[in-house]
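In what follows, a structure is listed as structure tokens, so that the remarks can point back to it.
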Amino acid sequence: MTGEYYVCTGCALLCDDIEVETEDRKLSKVHAACLKGVARMKGCSDPLECTVDGEKADIDSAITKAAAILRNAKNPLIFGHGNSSSEAQKISIGLAKKTGAYIDDTSSFCQGPIVEAILQDKLRTCTLDDVRHKADVIIFWGADPSNSHPRHLSRYSYFPRGKERQRGWEEDRTAITIDIRKSSTAKICRDTRFYQIPMSADAEFMDAIVSGLSGKIPKTSFDFDKKRILELANVMKKAKFGVICVGLGLVYSLEELEPLFKLMEKLNEVSNFYLIPMVGQYNMRGFNQNLFAETGFINRVKFNSETGNANHGAENSVVEALKNKSVDAALIIGSDPLSSLPLSVARYLTEIPLITIDPCQNLTATRSTVTIPCALGGVEAGGTAVRMDGVEIELKKIVESDNLSDKEILTRIMEAI
Amino acid sequence: MGFGQFLAAPEIKLKIVTYRDVFQNTAQESSRFGEEYEKLSAVIKLDLKDISKLTIKEGDTVIVKNGFGKVVVKAQKSGYEEAHPGIAYMVNSPWSNVLVPDETGGSGVPKFKNFEVTVQGAKGEKVTGIRAL
Ligand code: SF4
């Protein structure tokens, strides 16, 4: 072992306590990471090849072709970014501005509204270090970190002994899961701390908790045991430092954020509560912050190629732009929309000139006009990234690679346009 | 050839809830085209009552379809203590995404986690491969 600590980019927890052993420019051992993190850092078994029109190509001709595609497009789409360093994201934003592109990321159809509300100071947030040292009531709402962020409970939210939580989970912390199914995380919280609610009932359940917190009888249309809601409200009221970890289950179930705003407002009237979005991809939040700094919007932007002005709105989201077939070329960076979007929406990508930049082969790459392999972030390339709680984390390069970083590739495409 | 071959397999309507699984996610990091990723992704988890309605056994393949697409995946018991007839679970994957409706009401957000399908025994048909989706 090198005695040095590295960062895992397997999810937006960006665990920074990883030790590694290397052999032939590969990581032979990865210590302290979870299963998913080890697999991420060791790299995939089917790396992406550099190709143009399905034939092997050298990097120079791939970059020339990619630049030509973007230059000739009237309304290109640049999508991905969650698995790129902040430095690469900033170049990508510049590239979008130059080419009058739509630019978007996964937050557009997941945690976007929550991150946006946090950046606009509409929701009270804290860091994961605060959670580790202070949190005594932790609520996983529509979130299952045991599967999505495997070290969340052990590093921050439940098991560790923090400065003000020396007795850890045994005595000092209460973890609660609110979900539509008994997830792995719910099992850890045990039956008394698991609140199973019907599908799409999250907003109503929030209102019921607000009633409980206000000393009223909490009624629900699905007849949830009132005593249990009152118990929950009581635990929340007594919290010294409470945190709600917002998962995708909650985000997808809320049609608007108003019920969540109301709940947080009430909680902070009678108690002390914070909220952290359970961001998936390691630097999704970084993209949101970088685009926000440049345009005032976190995602769903279309640049005007002449004025450089940013237009924002649902019609500029990756999903609507593809559905409406308003894009005529696409550059995908560190993402696989043909896997991760509804196929009925993503299929249109196969009808237009498509460029993929990624360390690994994926479905979108198999349908791309140009594929350019890039160095794996946090292993073969360094940079900075923003953790789910907004803390900036430095990524170090561990081993050399023949591939350029996505930042270098994007810079070269930009120069060639 | 059994007589069952000539009978239409019963078809039932179900709601699909998608979820994440760390083992499937790990397999994805290694290779999206690997056997392991298919084995852990191309699966539908059913309530015992729904399994018997479909007249299938655990491990049989089923056709899952709606107006947006069709996939053949393996049927498994969900293993949840509480019964959940009418609701089935699929891990978030390219297979579930074949079935996610494109309807968004202009919001830019598809209903990834909650949509309707019909399910029917596939009478031994093979699981849809990732490249055939
Ligand atoms: S929890 Fe996330 S960041 Fe930490 S080791 Fe696992 S995948 Fe990596």
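Within 10 Å of each candidate Cβ there may be at most 11 other Cβ atoms; applying that plus a DSSP loop requirement, which trypsin sites (Lys or Arg not before Pro) in segment A:163-205 survive? Show your work: numbers first, answer last.
Working: sites: A:Lys163, A:Arg165, A:Arg167, A:Arg173, A:Arg181, A:Lys182, A:Lys187, A:Arg190, A:Arg193; in loops: A:Lys163, A:Arg167, A:Arg173, A:Arg181, A:Lys182, A:Arg190.
Those that pass, being in a loop and sparsely packed, are A:Lys163, A:Arg167, A:Arg190.
Please give the FRET efficiency for A:Ser28 paired with B:Glu82, using the beta carbon to beta carbon distance and R0 = 45 Å, rounded to the nearest 0.05.
0.55
Mind telling me which of A:Met199, A:Met41, A:Met388 comes out most flexible in a GNM of chain A, alpha-carbon contacts under 10 Å?
In this elastic network of chain A, the residue with the biggest mean-square fluctuation among A:Met199, A:Met41, A:Met388 is A:Met199.
How big is the A-B contact in terms of buried accessible area, both chains counted, 1.4 Å probe, rounded to the nearest 100 Å²?
It comes to approximately 3300 Å² buried between A and B.
Against the longest alpha carbon principal axis of chain A, how many degrees, from 0 to 90 and to the nearest 10, is the axis of helix A:226-238 turned?
Value to nearest ten degrees: 80.
Would you please state which residues of segment B:105-119 a label at A:Ala314 would reach in this model, taking the label point 7 Å out along Cα→Cβ and a backbone N cut-off of under 20 Å?
In segment B:105-119, the label zone of A:Ala314 (backbone N under 20 Å from the point 7 Å along Cα→Cβ) covers B:105-116.
Looking only at A:Ser214, A:Ser183, A:Ser368, which one moves most when chain A is put into a Gaussian network model with springs between Cα atoms under 10 Å?
Taking springs between Cα atoms under 10 Å, the residue moving most is A:Ser214.
Please identify every one of the trypsin sites (Lys or Arg not before Pro) in segment A:195-283 that sits in a loop by DSSP and has no more than 14 other beta carbons within 10 Å of its own beta carbon.
Here the sparse-neighbourhood loop sites are A:Lys216, A:Lys219, A:Lys240.
For a label point 7 Å from the Cα of A:Asp207 along Cα→C-beta, name the residues of segment A:261-284 whose backbone N is under 18 Å from it.
So the set is A:261-267.
Given a 1.4 Å probe, show me the residues in segment A:186-209 buried by at least 40 Å² of accessible surface when comparing the whole protein assembly to the chain alone.
A:Met199
Mind telling me which of A:Ala233, A:Ala293, A:Ala208 comes out most flexible in a GNM of chain A, alpha-carbon contacts under 10 Å?
Of the options given, A:Ala293 has the highest mean-square fluctuation.
Defining a contact as two alpha carbons under 8 Å apart and six or more residues distant in sequence, what relative contact order in percent does segment A:112-277 show?
Averaging sequence separation for qualifying contacts and normalising by length gives 29 percent for segment A:112-277.
Leaving out same-chain residues fewer than 8 places away, which lysines sit with a Cα under 21 Å from that of A:Lys216?
Partners found: A:Lys226, A:Lys227, A:Lys237, A:Lys238, A:Lys262, A:Lys266.
Check each residue of segment A:327-346 and keep those whose accessible area, probe 1.4 Å, is at least 30 Å² smaller with all protein chains in place than in the chain alone; give them in order of residue number.
Relative to the lone chain, where solvent access is computed with a 1.4 Å probe, segment A:327-346 loses at least 30 Å² at A:Ser339, A:Pro342, A:Leu343, A:Ser344.
What number comes out for accessible area per residue over segment B:10-132 if the probe is 1.4 Å? Units Å², please.
Result: 45 Å² of accessible area for each residue.
What is the ratio of the Cα radius of gyration of the protein assembly as shown to 2.2 N^0.38 Å, where N is its residue count, to two decimals?
Working: Rg = 23.4 Å, N = 550, 2.2 N^0.38 = 24.2 Å.
Taking the Cα Rg and dividing by 2.2 N^0.38 Å, one obtains 0.97.
Roughly how many nanometres apart are two label points built 7 Å out from the Cα toward the Cβ at A:Asp60 and B:Lys49?
Spacing of the two 7 Å Cα→Cβ label points: 6.9 nm.
Taking a spot 7 Å from the Cα of B:Glu36 along the direction of its beta carbon, which residues of segment A:329-369 have an amide N less than 20 Å from it?
From segment A:329-369, the list is A:359-363.
Contact order normalised by length for segment A:264-385, with contacts defined as Cα pairs under 8 Å and 6 or more residues apart; what percent is it?
In percent, rounded to a whole number, it is 15.
Rounded to the nearest 10 degrees, what's the angle between the helix A:202-213 long axis and the longest principal axis of chain A, both from Cα atoms, 0 to 90?
It works out to around 30 degrees.
Can you flag which of A:Lys90/A:Lys122; A:Lys65/A:Lys407; B:Lys49/B:Lys123; A:Lys122/A:Lys219; A:Lys56/B:Lys39 are past 22 Å Cα-Cα?
Flagged as over cut-off: A:Lys90/A:Lys122; A:Lys122/A:Lys219; A:Lys56/B:Lys39.
Tell me the relative contact order for chain A as a rounded percent, counting alpha carbon contacts under 8 Å between residues six or more apart.
Details: 900 pairs, mean separation 106.6, N = 417.
Result for chain A is 26 percent.
I'd like the trypsin sites (Lys or Arg not before Pro) in segment A:314-417 restricted to DSSP loop residues with at most 12 other Cβ atoms within 10 Å, sorted by number.
Sites meeting the loop and neighbour criteria: A:Lys325.
Provide the FRET efficiency to the nearest 0.05 for the A:Asn75-A:Asp46 pair, computing r from the beta carbons and using R0 = 22 Å. If you can, show how the numbers build up before the last one.
Values: r = 32 Å, r/R0 = 1.45.
That pair, A:Asn75 with A:Asp46, gives E of 0.10.
So how tilted is helix A:86-99 from the main axis of chain A? Cα-based, degrees 0 to 90, rounded to 10.
Taking Cα atoms only, the helix is inclined about 60 degrees.
Kindly report the accessible area of chain A per residue (heavy atoms of protein chains, probe 1.4 Å, no ligands, DNA or RNA), in Å².
Roughly 38 Å² per residue, with all protein chains present.
Could I get the Rg over Rh figure for segment A:172-314? Both from C-alpha atoms, Rh via Kirkwood, rounded to two places.
My calculation puts Rg/Rh at 1.06.
First compute the accessible area of the protein assembly as shown with a 1.4 Å probe, then give the percent of it belonging to carbon and sulfur atoms.
Carbon-and-sulfur percentage of accessible area, whole number: 47.
Calculate the spin-label point distance for A:Glu256 paired with A:Ser221, positioning each point 7 Å from the Cα along the beta-carbon direction, and give it in nanometres.
1.7 nm
With each pseudo-label sitting 7 Å past Cα toward Cβ, what's the A:Asp191-A:Thr350 distance in nm, one decimal?
It is 4.9 nm.
If you restrict to DSSP beta bridges whose two residues both lie in chain B, what percentage is antiparallel, to the nearest 5?
Expressed as a percentage, antiparallel bridges in chain B total about 65.
The values are calculated or read from the model by the stated rules, or taken from the named source; none is laboratory data. Here the structure is a predicted model, which means the values were calculated and not measured. With ideal geometry, Cβ positions are generated from the backbone for all residues, glycine too; neighbour counts draw on all protein chains shown. The accessibility values were calculated without ligands, DNA or RNA, using every heavy atom of the protein model including side chains. Shrake-Rupley method; radii C 1.70, N 1.55, O 1.52, S 1.80 Å.
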